[in-house]
């Protein structure tokens, strides 16, 4: 596939001419990916284009049953004749999808600064708070108004990826876009409850286990915590219920970087979430094949939890030593 420079108008033109598309999101999708997908589904529906969110079998989409239309998620690869819209993913390899020998046009819509600029059309806005915010830009450029359900999902995506409007990526355009969505009739209180106030007792106990086991690194400037499969089983907690733990670790006074090491079922054996107050943790993630934002990134590994923790201790010490020099 030939990589071409593209802008908002080029993507809108492609959307208007599409007859059938597949939407894809990154592996272990978050709420920004889901919000962006919901928004794009709604726009394509208004354009009269057949569209579905395609993910690999077994891939879970958070709040799928609430934020995405019924029947819109299909656990399959794209088929011949479908254009692939890759949403919120820094590379093709990170998509929650096995493309196999599929070949076709790819439209890359993302806000990660380390995006590989893959695809035939690229709409990359690193300054945007979220891919959901970019989808709102697409809607306005198309002169389309998202449905109330799609607006709710887009607002949820923006809220999630901006840390509920507190991350450094939150700009005036973020608030303006959120206000536009509110004008469309969404219930901001209900969205907040949906995102931040539905924790299970098991998830709360799991968080307590992680916080109690935090280990200092880089002379106390970093914290690392580990959650094993035994921890999940003990508290009857699901894999996705670790959301927010690493942010609370980062909030400890004097801590510049936090890392949460999570043991998985099967492969990859371990997933790691990284957060920082300023240091570029995406560079650390990239060393292990991952990526993300400067202050929020992650990677996967088939190493043991102990092996990953030892590597992180060294990598974070090096990162923070460089950052302070």
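The values are calculated or read from the model by the stated rules, or taken from the named source; none is laboratory data. What you see is a predicted model; the values in this text were computed from it and never measured. We place every Cβ from the backbone using ideal geometry, glycine too, and count neighbours over all the protein chains shown.
Please determine, by comparing only the residues of the stretch 67-85 that are touching a helix residue (DSSP H, G or I) at 6+ places or on another chain (Cβ under 7 Å) and in contact (Cβ under 8 Å) with a residue 40 or more places away in the chain, which one is surrounded by the fewest Cβ atoms within 10 Å (Cβ to Cβ). Among residues in the stretch 67-85 that are touching a helix residue (DSSP H, G or I) at 6+ places or on another chain (Cβ under 7 Å) and in contact (Cβ under 8 Å) with a residue 40 or more places away in the chain, the one surrounded by the fewest Cβ atoms within 10 Å (Cβ to Cβ) is 69. Checked against (1) at pLDDT 95 or above; (2) buried (at least 19 other Cβ atoms within 10 Å of the Cβ); (3) under 25 Å from residue 112 (Cα atoms); (4) outside the structural domain of residue 286 (by TED's automatic domain parsing), residue 169 passes all but a single condition, namely (1). Apart from one condition, residue 176 fits all of (1) free of Cβ contacts under 8 Å to residues at least 40 places away in the same chain; (2) over 24 Å from residue 280 (Cα atoms); (3) touching a helix residue (DSSP H, G or I) at 6+ places or on another chain (Cβ under 9 Å); the exception is (3). Which of the residues spanning the stretch 191-203 are part of a helix (DSSP H, G or I) and within 21 Å of the chain's Cα centre (by Cα)? 191, 192, 193, 194, 195, 196, 203 - these are the residues of the stretch 191-203 that are part of a helix (DSSP H, G or I) and within 21 Å of the chain's Cα centre (by Cα). The selection criterion, being part of a loop (DSSP other than H, G, I, E, B) and under 25 Å from residue 13 (Cα atoms), does not hold for residue 181.
Tell me whether the stretch 214-222 contains one or more residues that are more than 21 Å from the chain's Cα centre (by Cα), loosely packed, with under 15 Cβ neighbours inside 10 Å, in a loop (DSSP other than H, G, I, E, B) and not assigned by TED's automatic domain parsing to the domain that holds residue 139. Don't jump to the end; show me each part of the working.
Of the residues in the stretch 214-222, the ones more than 21 Å from the chain's Cα centre (by Cα) are 214-222.
Now narrow it down to the ones that are loosely packed, with under 15 Cβ neighbours inside 10 Å: 215-216, 219-220.
Remaining after also requiring in a loop (DSSP other than H, G, I, E, B): none.
No: the stretch 214-222 contains no residue that is more than 21 Å from the chain's Cα centre (by Cα), loosely packed, with under 15 Cβ neighbours inside 10 Å, in a loop (DSSP other than H, G, I, E, B) and not assigned by TED's automatic domain parsing to the domain that holds residue 139.
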